[in-house]
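The values are calculated or read from the model by the stated rules, or taken from the named source; none is laboratory data. None of these values were measured; they are calculated from a predicted model. Don't worry about glycine lacking a Cβ; one is built from the backbone with ideal geometry, like all the others, and counts go over all protein chains shown.
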Amino acid sequence: MSHRRQFLTRTILLPSLICKLHEQAEPMLAAQAGGAPAYDLLIRGGRVVDPSQNLSMEAGVAIRQGRVARIAPEIAESEARRVFDARRMIVTPGLVDVHVHVYDGVAPLGIPADPNCIAKGATSVVDAGSAGAHTFPGLRQYVIRVVETRVYALLNISVVGQSTLSPDNPFGELLDLRYANPKLAIRTIEQNRDVILGVKIRLTKNIAGEHDLQALALAREAADAVNLPLMVHIGGAYSPLPKILAMLKKGDLITHTFHGHQGGILDERGRVLSEVRKAVENGILLDVGHGAGSFSFRVAEKAFSQGVLPGTISSDVHQYNVNGPVYDLATTLSKFMHMGLSIEDVVRRATANPARALGFPSGTGSLKEGSTADVAIFELREAPWQMVDSLGEKRPGKWRLKPVATIKAGRPYGNSVIPV
């Protein structure tokens, strides 16, 4: 019996009595009797998977004053004011999704952050270029400051951000290079370093036209000036990928790595380009960015078979894929598990790796003692479902990560218990 099958059989398969978990949330968070408990909340009995500590075992997670206080196999319920029963579930650090679009109401791709991020286990997310220098103040004022999800941003090198392109208006933000303004980008980043983690550029031909390398040079200028990474959206660009990669530096990311269109990471014989391997060796990070048109099972599997894996797994969830094929980050992680990655592999690429790659505040993506207590709780439910990639290829799924509850800074998120 395979390791994963044993894991499913012994520790994950859920008895029918928790199929109505959402109706039992209050009893599971029951107050404990007695005086002066040591902890505010105990998440007990779950499979704790925290790659930042190389931790994967059944344990309790104790929280005090919004921070992780202790992780241990046996923590008495009497030591906590409230207890969440996570037996037969998976407990991870709050997921970190480095590619989402949550500028709802402004960018055509935008969706509300909370029902699609924190409610699905992603406590920290990065809006990847929805806003540029002219539109970022609105993202900060009306999204970042008011939602429960911890929203950070990559600033689009175009001052208008991603406010121009939609299915009904297929003209991107860099067709006119006069909108690419490094000076304004630098000024905006310097004024918002607490939430802007890097620079974003999209190089598809209908977005950047035939001057994509010129646009990339302007984004490079801004990123270098503020000493932050650059995320480059690849696929369908006018210029070949090797020329794009030659302009990137250690710590930069390419997103939509496994997109399956012209200008991808594979040559005509299905082999990973030598320039891609060299880029990875030089510290360029490969991000997934599933999206509506940017992930192919076949491309990913060919790359995996040649030893090329993503450094980060992100959803690129937005208006045109939130109802399929993406849905959320947990569903994206489930697809990668079906392609052979372990639960530890996918959680690492959605917690510790992205937190390190984009320089998140210390403790993000980790359950180390003293870290802010952002916690995601999942079922790994065995049930048939249909997986679909961005090219429409369908495959049968046997099991799926399903979000159950999310804890932010020690407090359960109000809508985190998903009906099952």
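All conditions but one from (1) farther than 23 Å from ARG298 by Cα; (2) buried (at least 17 other Cβ atoms within 10 Å of the Cβ); (3) in contact (Cβ under 8 Å) with a residue 40 or more places away in the chain apply to GLY260; the one that does not is (1). Of everything in region 240-257, what is touching a residue at least 60 places away in the same chain (Cβ under 8 Å) and surrounded by fewer than 24 Cβ atoms within 10 Å (Cβ to Cβ)? Give them in sequence order. Hit for region 240-257 is GLY251, nothing else. Annotation note: of ALA219, ALA237, ALA215, the sole residue that is crowded, with 21+ Cβ neighbours inside 10 Å and more than 25 Å from the chain's Cα centre (by Cα) is ALA215. When region 168-194 is filtered for residues that are hydrophobic (A, V, I, L, M, F, W, C) and buried (at least 18 other Cβ atoms within 10 Å of the Cβ), the ones remaining, listed by number, are LEU174, LEU175, ALA180, LEU184, ALA185, ILE186, ILE189.
The rows are residues; the columns are (1) of a type in the set (Val, Ile, Thr); (2) outside the structural domain of ARG70 (by TED's automatic domain parsing); (3) touching a residue at least 24 places away in the same chain (Cβ under 8 Å); (4) not in a loop (DSSP other than H, G, I, E, B).
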{"position": "ASN353", "(1), (2), (3), (4)": "no, yes, yes, yes"}
{"position": "GLY363", "(1), (2), (3), (4)": "no, yes, no, no"}
{"position": "ILE377", "(1), (2), (3), (4)": "yes, no, yes, yes"}
{"position": "LEU380", "(1), (2), (3), (4)": "no, no, yes, yes"}
{"position": "GLN386", "(1), (2), (3), (4)": "no, no, no, yes"}
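Restricting attention to region 57-106 and to residues that are under 22 Å from LEU401 (Cβ atoms) and among the small types (Gly, Ala, Ser), the residue that is nearest to the chain's Cα centre (by Cα) turns out to be GLY94.
This table checks each residue for (1) at pLDDT 95 or above; (2) under 17 Å from the mean Cα position of the chain (by Cα); (3) under 30 Å from ILE118 (Cβ atoms); (4) not small (Gly, Ala, Ser).
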position	(1), (2), (3), (4)
LEU266	yes, no, no, yes
GLY270	yes, no, no, no
VAL276	yes, no, no, yes
GLY289	yes, yes, yes, no
TYR327	yes, yes, yes, yes
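Just so you know, in region 105-119 the residues that are among the β-branched types (Val, Ile, Thr) and crowded, with 20+ Cβ neighbours inside 10 Å include one that is nearest to LEU165 (Cα to Cα), and it is ILE111.
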